[in-house]
Amino acid sequence: MKDVNKKTGLARAKDIYDHRNKRARELKAEGKKIVGYFCCFPPVEIMTALDFLPIRLLGDMDEPITVADGYLPTVMCIFYRSTFDLGMKGRFNFIDGFIGSHACDAAERTSYIWSNYIKTPCNFFLDLPHVDKGEAVNYFKVQLNYLKETLEGLAGKKLGIEPLKEAISLHNKQRKLVRELYYLRKPDPPLINGSEVLQVIISIMMIPVEEGNELLQEVIDEVKTRRDIPDKKIGRLLIWGSLIDNIKFTDLIESSGLNIIVEDTATGTRPFWHDIEETEDPLVGVARHYLQEVKCPRTFAETDTSYREDLENRYSYLKDFAKYWKINGVFGNIIRNCDIHGYEVPAVKDYLESLGLPVLIIEQDYSTASLEPLRTRFQAFSETIG
Amino acid sequence: MKTENKKIKKKSGKTLQTAREAGYFAKKMLKNALQAQEEGRPIGWSMVTWWQGELIARAIGVELVFPENYGAFCAATGGAEKHLEISDSEGYPTTLCGYSRNSIGYAKLLSDNNFVPYEGAPGGGLAKPKFFLAAGVACDARYKWFQALKRYFTEAPVWTIDLPMPGTKEFFMKGNKELSLKYIVNHLKDYVAFLENLLGTKLDYDRLDENVDQAFKTLALAHEVDVLRRAVPSPMVGADFWSIMIPHLYLPDDPESYEFYEKVYAEVKQRVDNKIGAIPNEKYRLMFAELPPWHSLGFFGELAERFGMAIVIESWNYHAILPIPEEEFEGVTDPLEKVAMLTYYKWTEYNKVAVEYDVDPGFFMAAYFQFAKDYKTDGLLAHPLMSCRPATYTLLHTKNTLENKLKVPGVVIDGDIIDLRVFNEKEAFSKMEAFVETMDHYREERKKAGIAW
């Protein structure tokens, strides 16, 4: 019998977002093993294929950083300081495995330090080349194989090719559904606002892929037929840069005369924009995907002969985004001390401004307590678009 | 205990004559590049890639300069501020690496001046590059920075040399070392092809082999100097090291570097043999971690004078590689493979120590455990850097674990490599004064715990 009290669609996404570890804890109680991972690069397909629940380890903009002060210097990325702080406070004390990654300096060093202080039955550091050509893919595939072997140890079973292929298929389906959700933001006003999308994206990173796909389908069906669509605003905004994982931030932006339309971030398009190619050896496709198709400036793109060509090589996908979604302004979000995005600022501005797009760059402190002063900057930006 | 220098020079804190002469190498690199520009020879702006990229570039005839080293040079000579302001006005965040901000500002000026170094540029300035040699090892700035510089040198390509950086446990997984070396060698082959294509000339592998052998020889001698430094009292201090590191870090394949290290070795050995300390009345033996405040090096001289503190060993990553066992080279004839081994072994050389003490990472951290024992240290002076942040990410962790596992305490003095406003000398001295008591306390703790020094 259908549970009439069970939340569905956007309401369910909000519930999962608000209690983001709840489902993982429930499943843990039922005997499922949970694996927490850093950033977009540890392949969730391998975790899913071994019957683990992969969950993305995120920080908390509402939680003051206190314990981490004794371990990580204040000059480092505040997001990773926050994530580590939560780890030390026991927020993730239900995970059975920790997968760190060499996504950026902060992720890398925090991964090492995490494994010293926050003990789990299994941990692995996934090294990731900075270049994506030639032998790099093979090297990365070797590292993925070590990850697989480590997780097999935790699972107590070997991972066969077919279960991995099935998991790839399930996650590819999720990617397709996320893209479908994003396409619903093409109308003006969009059919779904930025905070709602963020709630959905965070949610699917915290629940089994099958449940995530079900949730996505519910949300898509609901949004397609909804009547209470977001208000039309002056700005149709592309967000580029460091991740956003708290709707207080997106609410603030969207209450300042801007509709968030697309997010090129680690909690936006980056993990979902390309499918994993089906290859005979599935790890080949997985390696290529994470190294070559997850668009993050942490992976070095070979430079071409001129600066303009270099920009085109690195950012042409942003032009495609802007064109498809009829973007008229870009917010470059930099979590303070994020070098990966910080070095990109003048170049990405050069590129986007050459397309006629105004760009607002803000370095912020990954704290909801310091958000409000940003409101006037977003309001002023929306006026420049108008 | 005898002392050679009754009064420490407050300006630099250097105590070795050879350290005072080492500035020759920094000037030589800048001068050679300017000369190469005049002669139409190719110039590369290079990161320290821990030798792999530099050895190959020089063997094919590229003159290299190091914007990192230039950053320190500008900071020490008061020329950095102007460059930093320009970087800020270009829109780069002020939180980025200070060296990179310095070179971004300089690059903008060079580009605006038709690629002729501006009048009064520190050291005559850096000559225009034909290409950039970036590095994937150590920190993100090492490739993001050069990628950013392309904005000012539109035709100069950027090549990023990568290096595997596995965790300690992962390093020891079966086959990982061999596969990593294979990756590096193939990656270096791609780099050689890039250089050959860019420069229209072929790499002379015999020359590379000679240069690699020379580099190993220089680095082995530089390591011998490190070994001499274990003596009590310490025959040289950190301020000496920061000068003498230039030849082995940047120019190990230059025979002049080897000749220089012969002189360094002789000078240090003479002190050791005669029990001459670098500072008068050495009372506390300190490790120093990360880069020093170049603009305030006199601070260390003051520490010696006021408290008898000697920096007896410092930041692992700038030191020569530990000797690689000869049997590891059995059957290795390809100079690219030797290069790969050199860099990979450097970055994994303390992984065994990391296992011994159950700490991670092996690089940036585990070396201090070995240093503490080998150099009989009383404490760690940790210097987190606002503008070289990734190098400081593991400092608190290192400090905590050294205290817990070896009863060697640490003190944190905030500072910077470029921006002198971050360094509060008065506050720093207060902290160091208090740290004396802490070190005394931990000496007793070590005794109680049966730790040897």
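The values are calculated or read from the model by the stated rules, or taken from the named source; none is laboratory data. For clarity, every value in this text was computed on a predicted model and none was experimentally measured. Counting neighbours? That spans all protein chains shown, and the Cβs are built from the backbone with ideal geometry, glycine included.
Here is how the numbers come out for the structure above:
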read-out: A:L159 of a type in the set (A, V, I, L, M, F, W, C), under 28 Å from A:A301 (Cβ atoms) and not in a helix (DSSP H, G or I); value: no
read-out: One residue from B:E178, B:E259, B:E210 being of a type in the set (D, E, K, R) and either under 30 Å from A:E302 (Cα atoms) or in contact (Cβ under 8 Å) with a residue 24 or more places away in the chain (or both); value: B:E178
read-out: Subset tally (residues that are closer than 15 Å to A:V197 by Cβ, part of a loop (DSSP other than H, G, I, E, B) and not hydroxyl-bearing (S, T, Y)) for region A:239-267; value: 5
read-out: Condition broken by A:G134, with the remaining ones in (1) within 7 Å of chain B (Cβ to nearest Cβ); (2) surrounded by fewer than 20 Cβ atoms within 10 Å (Cβ to Cβ); (3) touching a Ser or Thr at 6+ places or on another chain (Cβ under 9 Å) satisfied; value: (3)
read-out: Restricting region B:140-172 to residues that are hydroxyl-bearing (S, T, Y) and within 7 Å of chain A (Cβ to nearest Cβ), the residue that is surrounded by the fewest Cβ atoms within 10 Å (Cβ to Cβ); value: B:T154
read-out: Options B:D378, B:D360: the member that is crowded, with 24+ Cβ neighbours inside 10 Å and away from chain A (no Cβ under 14 Å); value: B:D378
read-out: Qualifying positions in region A:156-168 - closer than 30 Å to A:Q217 by Cα and in contact (Cβ under 8 Å) with a residue 24 or more places away in the chain; value: A:L159, A:I161, A:P163, A:L164, A:K165, A:E166, A:A167, A:I168
read-out: Listing of helices (runs of 4 or more DSSP H) fully contained in region B:57-115 that carry 3 or more residues being within 14 Å of chain A (Cβ to nearest Cβ) and modelled with pLDDT of 95 or more; value: B:80-89, B:98-112
read-out: Verdict on B:A80 being surrounded by 20 or more Cβ atoms within 10 Å (Cβ to Cβ), within 27 Å of A:D365 (Cβ to Cβ) and among the aliphatic types (A, V, I, L, M); value: yes
read-out: Neighbours by Cβ (under 6 Å, 6+ apart or cross-chain): first from region A:17-33, in a helix (DSSP H, G or I); second among the aromatic types (F, W, Y); value: A:R25/A:F94; A:K28/A:F94
read-out: B:N351 vs. criteria surrounded by 18 or more Cβ atoms within 10 Å (Cβ to Cβ) and touching a Gly at 6+ places or on another chain (Cβ under 7 Å); value: yes
read-out: Residue match in region B:117-131 (condition: facing chain A (nearest Cβ under 9 Å), without any contact (Cβ under 8 Å) to a residue 60 or more places away in the chain and surrounded by 19 or more Cβ atoms within 10 Å (Cβ to Cβ)); value: no
read-out: Region A:315-348, residues that are among the charged types (D, E, K, R) and within 22 Å of the chain's Cα centre (by Cα); value: A:K319, A:D320, A:R336, A:D339, A:E344
read-out: Residue check for A:L72: more than 14 Å from chain B (Cβ to nearest Cβ) and over 22 Å from A:Q174 (Cβ atoms); value: no
read-out: Pairs with Cβ under 6 Å, 6+ apart, first in region B:415-432 and on the phi < 0 side of the Ramachandran plot, second assigned to a strand (DSSP E or B); value: B:D416/B:L385; B:I417/B:L385; B:V422/B:G415; B:F423/B:G415; B:K431/B:V411
read-out: Yes/no for A:F98 being assigned to a strand (DSSP E or B) and facing another protein chain (nearest Cβ under 10 Å); value: no
read-out: Elements of type helices (runs of 4 or more DSSP H) in region A:319-386, at least 2 residues being away from chain B (no Cβ under 12 Å) and loosely packed, with under 14 Cβ neighbours inside 10 Å; value: A:375-385
read-out: Any hit, region A:102-123, residues being part of a loop (DSSP other than H, G, I, E, B), away from every other protein chain (no Cβ under 13 Å) and farther than 20 Å from B:F172 by Cα; value: no
read-out: Single residue of A:R270, A:R236, A:R227 found to be charged (D, E, K, R), buried (at least 22 other Cβ atoms within 10 Å of the Cβ) and not in a helix (DSSP H, G or I); value: A:R236
read-out: Verdict on A:R226 being among the basic types (K, R) and either in contact (Cβ under 8 Å) with a residue 60 or more places away in the chain or in the same structural domain as A:Y37 (by TED's automatic domain parsing) (or both); value: no
read-out: Residue check, B:F371 touching a residue at least 40 places away in the same chain (Cβ under 8 Å), over 21 Å from A:G70 (Cβ atoms) and either among the small types (G, A, S) or outside any loop (DSSP other than H, G, I, E, B) (or both); value: yes
read-out: Qualifying residue in region B:23-30 (condition: within 14 Å of another protein chain (Cβ to nearest Cβ), part of a helix (DSSP H, G or I), surrounded by fewer than 23 Cβ atoms within 10 Å (Cβ to Cβ) and aliphatic (A, V, I, L, M)); value: no
read-out: Identity of the residue in region B:305-333, within 23 Å of B:M165 (Cβ to Cβ) and among the charged types (D, E, K, R), that ends up surrounded by the most Cβ atoms within 10 Å (Cβ to Cβ); value: B:E314
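Here is a yes/no grid of residues against (1) of a type outside the set (D, E, K, R); (2) surrounded by fewer than 20 Cβ atoms within 10 Å (Cβ to Cβ); (3) touching a residue at least 12 places away in the same chain (Cβ under 8 Å); (4) more than 29 Å from B:L133 (Cβ to Cβ):
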{"position": "A:N246", "(1), (2), (3), (4)": "yes, no, yes, yes"}
{"position": "A:L252", "(1), (2), (3), (4)": "yes, yes, yes, yes"}
{"position": "A:R288", "(1), (2), (3), (4)": "no, yes, yes, no"}
{"position": "A:E302", "(1), (2), (3), (4)": "no, yes, yes, no"}
{"position": "A:R308", "(1), (2), (3), (4)": "no, yes, no, no"}
